[in-house]
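The values are calculated or read from the model by the stated rules, or taken from the named source; none is laboratory data. None of these values were measured; they are calculated from a predicted model. Here Cβ is always computed from backbone atoms with ideal geometry, including for glycine, and neighbour counts include all displayed protein chains.
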Amino acid sequence: MLKTMKAIRKEPSRRLFFALWPGAAGRAALSAWQPPLRELCGGSAMRADTLHATLVFLGEVAEHRLESLQLAAQETEFRRFELKLAAAHYWGHNRIVYAAPEMTPPPLAELVRDLGRNLRRHRFRFEDRPYKPHVTLLRHAKWSDAPLPPMPAVRWPVGNFVLVQSLGGDQAARYEVLARFGASELE
């Protein structure tokens with residue numbers, strides 16, 4: 001009986017994703033977009049320390065797989081690039097306002113493709129859908145199909161990517177950067 005109960009216990013896991021994580025200057029520039037957009041759309045602003053662009057969302061990952069997960073990231077080729085966030089948009093299906101580039105820089109598309117390939121090779125499952133880079137600025141917003149007003153472009157020099165744990169919580173998302181991969185931080 002005791003052996004059966006141990007087998008039923010769920011293995012410890014963490015809710016994880018890979019992301020681009022802005023430095024202080026990038027966070028400040030993106031945070032400056034939030035007040036005027038919130039005045040128009042309502043909703044709640046993401047905390048500056050949580051602003052990021054998700055690369056691959058993994059969801060729950062067993063703790064014993066963390067070493068393999070980091071190996072997959074280390075095997076991923078990374079080239080520095082600039083992400084220019086040029087416009088704010090609204091997704092009505094999930095009621096978020098987000099910052100997005102006019103086009104995905106080729107090194108970013110290659111990073112997402114290579115990371116996904118390495119994760120599959122290491123037998124990780126993840127959300128595999130067309131990649132649309134964005135940074136969520138507001139949640140629970142309300143807006144129409146009309147374009148949002150122009151915002152000053154944010155030029156984000158990307159020097160690495162990170163593995164992040166979502167710690168959740170009752171009030172707001174909390175994230176912890178567990179590891180950095182690629183080049184060093186530029187800011």
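Within segment 157-176, restricting attention to residues that are of a type in the set (A, V, I, L, M, F, W, C) and modelled with pLDDT under 95, the residue that is farthest from Asp49 (Cα to Cα) is Leu167. Of the residues making up segment 153-180, those that are buried (at least 16 other Cβ atoms within 10 Å of the Cβ) and under 12 Å from the mean Cα position of the chain (by Cα) are Phe161, Val162, Leu163, Val164, Gln165, Ser166, Tyr175. Residues that are charged (D, E, K, R) and either within 16 Å of Gln165 (Cβ to Cβ) or part of a helix (DSSP H, G or I) (or both) within segment 48-86 comprise Asp49, Glu60, Glu63, Arg65, Glu67, listed in sequence order.
Residues checked against (1) surrounded by fewer than 20 Cβ atoms within 10 Å (Cβ to Cβ); (2) among the aliphatic types (A, V, I, L, M); (3) under 21 Å from Trp156 (Cα atoms):
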position	(1), (2), (3)
His52	no, no, yes
Leu55	no, yes, yes
Leu69	no, yes, no
Gln74	yes, no, no
Gly92	yes, no, no
Val97	no, yes, yes
Ala100	yes, yes, yes
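Condition first: in contact with a helix residue (DSSP H, G or I) (Cβ under 9 Å, 6 or more places away or on another chain), assigned to a loop (DSSP other than H, G, I, E, B) and surrounded by 12 or more Cβ atoms within 10 Å (Cβ to Cβ). Now tell me which residues in segment 124-152 satisfy that. Matches in segment 124-152: Phe124, Phe126, Tyr131, Pro133, Ala141, Lys142, Trp143, Leu148, Met151. If you go through segment 22-51 and keep only what is in contact with a Gly (Cβ under 9 Å, 6 or more places away or on another chain) and of a type outside the set (A, V, I, L, M, F, W, C), you end up with just Gly23.
It is to be established whether one or more residues within segment 9-19 are farther than 24 Å from Glu176 by Cα and surrounded by fewer than 20 Cβ atoms within 10 Å (Cβ to Cβ). Yes, there is a match, as at least one residue in segment 9-19 is farther than 24 Å from Glu176 by Cα and surrounded by fewer than 20 Cβ atoms within 10 Å (Cβ to Cβ).
Scoring Leu37 on the criteria (1) at pLDDT 95 or above; (2) part of a helix (DSSP H, G or I); (3) surrounded by fewer than 20 Cβ atoms within 10 Å (Cβ to Cβ) leaves a single failure, condition (3). Filtered by the rule that a residue be in contact (Cβ under 8 Å) with a residue 24 or more places away in the chain and among the polar types (S, T, N, Q), segment 145-173 gives Asn160, Gln165, Ser166. Given the condition without any contact (Cβ under 8 Å) to a residue 12 or more places away in the chain and assigned to a strand (DSSP E or B), answer yes or no: does some residue in segment 102-123 qualify? No, there is no match, as no residue in segment 102-123 is without any contact (Cβ under 8 Å) to a residue 12 or more places away in the chain and assigned to a strand (DSSP E or B).
Residues checked against (1) in contact with an Asp or Glu (Cβ under 6 Å, 6 or more places away or on another chain); (2) over 25 Å from Val154 (Cα atoms):
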| residue | (1), (2) |
| --- | --- |
| Gly23 | yes, no |
| Ala28 | no, no |
| Gln34 | no, no |
| Gly42 | no, no |
| Arg47 | no, no |
| Gly59 | no, yes |
| Leu85 | no, no |
| Thr104 | no, no |
| Glu110 | no, no |
